[in-house]
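Structure, as structure tokens:
The values are calculated or read from the model by the stated rules, or taken from the named source; none is laboratory data. This is a predicted model, so every value here is computed, not measured. Methodologically, a virtual Cβ is constructed for each residue, glycine included, from the backbone with ideal geometry; neighbour enumeration extends over all protein chains shown.
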Amino acid sequence: MFTNRSIVFKFGLLFSVSLLLGGAFYSVMLKVYENQLRSEARTMADSVNAFSAWVGSFGGVLTRNSEDSFLSKADYFTAGSANPVTLYAKNPALSVREFSESVGRSDSPAKFRMVAENPMNPANAADEFERDAINRIRSGGIPEFGVLDGDEYRYARVITHKRGCITCHGDPKDAPESVIARYGNTNGFGFREGDVSGIMSVTLPAKSLLTIAGEMFGPIQIALILGTLVFALFYLRREVVEPVTWITGIADRMSKGEEIELDMDELEASRSGNEMLRLTAAISRLQGSLADATAHYRARATRSAD
Ligand code: HEC
């Protein structure tokens, strides 16, 4: 297909294919970057799950001074004191939310939330990405979903309801008084064992595809690539295309029997490291031999005519 195309055209094509290969390499790098982000997000989700399991291993935790966020409370009397201390009970979900809020206020660039579509606590409502992730996880039966979205990497890991969860998230009639009293009886119920209850959602700062591309290919890099192309084309034209065109012209004139004076030091050229000069020298010698042969045959022709 390309046999009859010029050397410059083929070279330009080769250059473009090399650039495309560079692009392919870039997309491989991007995959590596995404895998790295996903493993960071997984680590964060693992830590939060471990914290939740820690709270769950005690059946919840008791804290002081937590008037705004608790499941149930009780007065606790220390020996010898007439004044009670009020203790507030927190279950794993509530503790995870407070942990998440605390991380949210901190300098940590990575954030997380435990969210659902129809949450018991409106503060745990899923945003657009999270609702989409819950749908994909539920319909695809997949355990996790992650996506590089602008300058963020967003990750979601499934949370499944186990039998023990259904006490509070099943039929509101079976739910503890404390839960109904604080959260009402409409949201966060109606689940069965094995249902997707929500997701652990992790957000990491990331660089978008365009940002990375912009950083990799700034004006300097583009100028360097174009500069290389222009330089290579110039070199190709001067060292290959022009000499070949010149030699072609000479061979053409020789084929028509023209006398040609080659203005070059033949011996010097035949020893040159430059392949084009050596070819020129060979053509020049060929011309010499042809001239000798022609003279020889002419002489014989004249002799036999005599
Ligand atoms: C003692 C009752 C109780 C049990 C048992 C319980 N939860 Fe919850 N769950 C709650 C409460 C209360 C909240 C809201 C906490 C808050 O204020 O953020 C909640 C919140 C959640 C949320 C966040 C979305 C929402 O509805 O606000 C998820 C997800 C969740 N629970 C899953 C589970 C899973 C999975 C289990 C079992 C491993 C479980 N829960 C067991 C009471 C319970």
| field | Selection status of GLY60, within 14 Å of the ligand (Cβ to nearest atom) and on the phi > 0 side of the Ramachandran plot | value | yes
| remark: Counting only residues that are out of contact with any Lys or Arg (no Cβ under 9 Å at 6 or more places or on another chain), surrounded by fewer than 19 Cβ atoms within 10 Å (Cβ to Cβ) and either under 18 Å from GLU130 (Cα atoms) or not assigned by TED's automatic domain parsing to the domain that holds PHE70 (or both), region 147-194 contains a total of 5
| task | Would you check if there is a residue in region 282-295 being closer than 20 Å to GLY12 by Cα and either at pLDDT 85 or above or out of contact with any helix residue (DSSP H, G or I) (no Cβ under 8 Å at 6 or more places or on another chain) (or both)? | result | no
| request: Identify all residues within region 70-86 that are within 16 Å of the ligand (Cβ to nearest atom), assigned to a strand (DSSP E or B) and surrounded by 12 or more Cβ atoms within 10 Å (Cβ to Cβ); write none if there are none. | output: SER72, LYS73
| said: Can you say whether PHE112 is of a type outside the set (A, V, I, L, M), more than 22 Å from GLY164 (Cα to Cα) and at pLDDT below 90, as far as the supplied structure shows? | reply: no
| In region 151-170, residue farthest from THR203 (Cα to Cα) [restricted to those that are within 21 Å of the chain's Cα centre (by Cα) and either within 12 Å of the ligand (Cβ to nearest atom) or basic (Lys, Arg) (or both)] | ARG157
| task | Filter region 118-133 down to the residues that are within 9 Å of the ligand (Cβ to nearest atom) and part of a helix (DSSP H, G or I), then identify the one that is surrounded by the fewest Cβ atoms within 10 Å (Cβ to Cβ). | result | PRO122
| Can you tell me which of GLU40, GLU67, GLU34 is loosely packed, with under 10 Cβ neighbours inside 10 Å and in the same structural domain as SER95 (by TED's automatic domain parsing)? | GLU67
| remark: Cβ pairs under 7 Å, 6+ apart or interchain, first in region 117-133 and under 21 Å from TYR153 (Cα atoms), second of a type in the set (Phe, Trp, Tyr) and surrounded by 17 or more Cβ atoms within 10 Å (Cβ to Cβ), ordered by first then second residue, are ALA133/PHE145
| Which residue out of SER81, SER69, SER52 is within 18 Å of ASN124 (Cβ to Cβ), small (Gly, Ala, Ser) and at pLDDT below 95? | SER69
| message | Regarding region 177-192, can at least one residue be identified that is more than 12 Å from the ligand (Cβ to nearest atom), in contact (Cβ under 8 Å) with a residue 40 or more places away in the chain and over 27 Å from ARG138 (Cα atoms)? | response | no
| Selected residue [more than 15 Å from ALA181 (Cα to Cα), of a type in the set (Gly, Ala, Ser), in contact with a helix residue (DSSP H, G or I) (Cβ under 6 Å, 6 or more places away or on another chain) and in the same structural domain as VAL48 (by TED's automatic domain parsing)] from SER95, SER100, SER72 | SER95
| Residues located in region 101-117, provided they are within 28 Å of the chain's Cα centre (by Cα) and within 14 Å of the ligand (Cβ to nearest atom) | GLY104, PHE112, ARG113, MET114, VAL115
| said: Is it the case, given these coordinates, that LEU226 is modelled with pLDDT of 90 or more, within 30 Å of TYR33 (Cβ to Cβ) and assigned to a helix (DSSP H, G or I)? | reply: yes
| Scanning region 195-233 for residues that are in contact (Cβ under 8 Å) with a residue 60 or more places away in the chain and within 16 Å of the ligand (Cβ to nearest atom), which turns out surrounded by the fewest Cβ atoms within 10 Å (Cβ to Cβ)? | VAL196
